[in-house]
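Everything on this sheet refers to the single structure shown next.
The values are calculated or read from the model by the stated rules, or taken from the named source; none is laboratory data. A quick note: this is a predicted structure, and the numbers were derived from the prediction, not measured. Cβ sites come from the backbone with ideal geometry, for glycine too, and all protein chains shown count toward neighbours.
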Amino acid sequence: MDPHERQAVRHFDHCPWLFAGDATQAQRLAQRERQQAVGGDTEFGERCYVADSAAVFPDRLRLGDDSYIAAHAYVTGELTTGTDCTLNPFTTVRGTVTLGDGVRIGAHTSILGFNHTMAPDRPVFQQPLTSRGIKVGDDVWIGSNVVVVDGVTIGDHCVVGAGAVVTRDLPAWTVAAGNPARPIRDRRGRPAGTPGNAGMDLTRFADTARAQAADILARSWDGDRYVDRPGAAPTMRAHCDAVEIADLLLGCAPPQWDAEEHIQRLSAAQDPVSGLVPEFGEPLPNEADDGLTGSGAALYHILSVGYALDLLDASFPHPVRGVRDMTPGQLLLRLQDLPWRDGAWTAGAWIDAWATAAHWNLRCGEDAASGSLEALFGWLLTRADPWTGMWGSPSAQAGRLQVVNGYYRLTRGSFAQFGMPVPHPERVVDTVLAHAHDARHFGPGRLNACNVLDVAHPLWLCSRQLGTGTGGDGYRSADIHAWAERQLTAVLPTWHDGEGFGFATGPVGPGPRPGLQGTEMWLAIVWYLADLLGRSDELGYRPRGVHRPEPAGADRNALAPWLS
C-alpha cells in the first residue's frame, strides 16, 4: 500500500465501521493478512475488521459477521461474539467472555472475565487466577469507561451507562448506571407495576421486598449473630440467608457489619483440617471412612457458607479435605451405598454437598482426586432411570416426594452447577408435573418452600435444555405455565410486611412464621416461577447464590472429556 492507503488504514483502525464500504482491494487484502496473523484458535466471520494497532492475543477467538476490534483494543483469553459486535478504541476484553448479537462496547471499557484469588498466605502477584466468565446478551449497549467484572451476566437489550461498574447480573431490558451499577429504569418504558398475563404485580412485589429488606434483616439480628426469626437460636444458615437476601434485594452485604467482618466471621467458622463448617456450639461431625461425613448441618454449610462467601467476593480459606482426598473408587462405593430406595433426598443432598465441595476446591486451586468428577458424572449418567429421568424409587407413603426433591438437590450441585445437560429431560418434566399434582404435598395449606422449589428448578432447567427457553412454546409449556401461575398466585399474598416469607403455609418445617430461611428461598422461587412465565425481568433481581440459575464457574474445564 502507498502512504495514502496506510493513512486510510489508521483511519479505519479508529473508525472501522467505514471499512466495509470504503476500503480498497489492497486494504482488504491487508486486513485478511492481519486476521490470519492473529495467533491462537481463531475464526472470523464475513466483513470483520481487526485494527493493526489492537493487541489481540487470544487463546480462542470467534468473531461473528460484521464485527470489529478497533484501535488499541486489548483482547486475551476466550472471546466469542455474535454478529454486529463492536469493540471500540482502547477496549479491554480478557478472560472468558461471550457476547450475543448486536453488542456495542464503548471506548476505554474493560470486560474482565477473570480474577485473582486473595488468600492471605501469599502475595497477590503469586495468587492463582480464576474465571467464572462474563455473558452479554443480544442488543446490548455498554457505554465508555465501563468495567464489567468476572461472573456477571448482562441480559438482552440492556444499556449500561458510561462509567458504570457492573458487579452483579442485569436482567433483560435493564438500563443501569453507577458504581456499583444499579437498575434505574426499564428500557421499554414499561410503567412500574404493569401486570402480565397472570394478572400478578411482580414489580410492585419486588419493590416492596426491596423497601423492607433492611427491616427484615434487622428483625433477625440479636445484636451479635443472625437468627432465623426473633426468639430462635443463632445459626450459620441464618447468617448465610441474611447475606443472600441482602445481595438479592440491596446489592450489598447485610448492614449489621461491613463486608470484611462478614467474610472474617464466615471464614473463621471453617475447620482448617477438614474444611467443614459445624453449627454454632456443636462439634465437628464424625468423618466416614472415605473422608466426607454422611449427614448433618455441616453438609449444607458447604453450600450456604460457600455461596455466602462467594457473594461477598471471597471464598473458603481451606479445601474440603474429604472431597479432595476421596479416590474415584471410594466415591463409586459411596454412591452405590447411598439410600436410593427409601431416602433419595438424603442421597441427592449428599451428592449436592460433595459436588459443591469439589467446585469450591477447584475454585481455590485444589482438585478432587484425579478422575473423581468424571466418576461422579459417569455413575449418574449410566444410572438415571430412562422412564422418569431420575434416581431413586417412589413409595406408597410419600409418592414421588423423595425422588423429585432428591433430584433437585442432586442436579443442583452436579449438572446445573457444572453446566452439564441432564439426561432424559422430557421424562423429567413428565415426572415432575405428575408429582406437582399430588395433593398430599401441593394441596391447600400444604405448600412449603422446599417442595415448590424442587419442582420449579427441574422444570426451569429442563425447559432451558430442551431449547424452549422461558415463557415460550415448548414441551408441555402450557402445563408448566399453568402450574407456575398457580404457585405465584398462592405465594405472593403470604408476604408479611417487614418480616418476609414463612417457610410453609402449613405446619411443616418452620411453618408460616416469617424468617430468613423462608424469605431467602421464596424470593428465589418467585424468580424461577416468573422466569418460567417469561416475566422475571419485572422483578429486577436474579439469584446469584445457592439458587443461581447459571452454572457457577469455569470448572467445566475439569469435565472437558464429558463436554466434547
Exercise for the section: Taking GLN417 as the residue in question, decide whether it is over 15 Å from GLY389 (Cα atoms) and of a type in the set (S, T, N, Q). Expected result: yes
Practice task
Mind listing just one residue for me: the one in the range 353-374 that is in contact with a helix residue (DSSP H, G or I) (Cβ under 6 Å, 6 or more places away or on another chain) and part of a loop (DSSP other than H, G, I, E, B) and, of those, modelled with the highest pLDDT?
Solution key: GLY371
Problem - Condition met for ARG34 (on the phi < 0 side of the Ramachandran plot and in contact with a Leu (Cβ under 7 Å, 6 or more places away or on another chain)) - result: no
Practice task
Could you check how many residues of the range 275-286 are buried (at least 22 other Cβ atoms within 10 Å of the Cβ) and modelled with pLDDT under 90?
Solution key: 0
Handout entry: Answer residue from the range 498-522, given it is among the hydrophobic types (A, V, I, L, M, F, W, C) and part of a loop (DSSP other than H, G, I, E, B) and is modelled with the lowest pLDDT among those
Key = VAL508
Handout entry: Residue count, the range 228-237 (criterion: out of contact with any Lys or Arg (no Cβ under 7 Å at 6 or more places or on another chain), of a type outside the set (Asp, Glu), over 21 Å from SER315 (Cβ atoms) and in contact (Cβ under 8 Å) with a residue 40 or more places away in the chain)
Key = 3
Exercise for the section: Would you mind stating whether ASP121 is more than 28 Å from ALA314 (Cα to Cα), surrounded by fewer than 22 Cβ atoms within 10 Å (Cβ to Cβ) and of a type outside the set (Phe, Trp, Tyr)? Expected result: no
Practice task
Looking only at the range 209-227, decide whether some residue is under 20 Å from LEU276 (Cα atoms), of a type in the set (Asp, Glu) and out of contact with any Cys (no Cβ under 7 Å at 6 or more places or on another chain).
Solution key: no
Handout entry: Candidate set: the range 20-67, residues that are buried (at least 19 other Cβ atoms within 10 Å of the Cβ) and polar (S, T, N, Q); chosen: the one modelled with the lowest pLDDT
Key = GLN31
Problem - Selection status of LEU332, of a type outside the set (Asp, Glu), more than 24 Å from ALA238 (Cα to Cα) and either outside the structural domain of SER274 (by TED's automatic domain parsing) or in contact with a helix residue (DSSP H, G or I) (Cβ under 8 Å, 6 or more places away or on another chain) (or both) - result: yes
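Residue-by-condition table, conditions (1) modelled with pLDDT of 95 or more; (2) under 21 Å from MET118 (Cβ atoms); (3) crowded, with 19+ Cβ neighbours inside 10 Å:
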position: ALA288; (1), (2), (3): no, no, no
position: ALA298; (1), (2), (3): no, no, yes
position: VAL305; (1), (2), (3): yes, yes, yes
position: GLN330; (1), (2), (3): no, no, yes
position: ILE351; (1), (2), (3): yes, no, yes
Completion exercise
Out of (1) under 21 Å from the mean Cα position of the chain (by Cα); (2) charged (D, E, K, R); (3) on the phi > 0 side of the Ramachandran plot, the one ASP66 does not meet is (1)
Practice task
Considering only residues that are at pLDDT below 90 and part of a helix (DSSP H, G or I), look in the range 415-446 and name the one that is nearest to ALA375 (Cα to Cα).
Solution key: HIS441
Exercise for the section: May I ask you to verify whether ALA355 is buried (at least 18 other Cβ atoms within 10 Å of the Cβ), within 22 Å of LEU284 (Cα to Cα) and in contact (Cβ under 8 Å) with a residue 60 or more places away in the chain? Expected result: yes
Completion exercise
Taking first residues from the range 416-437 that are farther than 16 Å from ARG383 by Cβ and second residues anywhere that are among the acidic types (Asp, Glu) and at pLDDT 95 or above, the pairs with Cβ under 9 Å that are 6 or more apart or on different chains are GLN417/ASP352; VAL432/ASP454; HIS435/ASP454
Handout entry: Selected residue (only one of GLY251, GLY294 is at pLDDT below 90 and not in a helix (DSSP H, G or I))
Key = GLY294
Handout entry: Residue list for the range 254-274, filter: in contact with a Lys or Arg (Cβ under 7 Å, 6 or more places away or on another chain) and either under 28 Å from ASP169 (Cα atoms) or modelled with pLDDT of 95 or more (or both)
Key = none
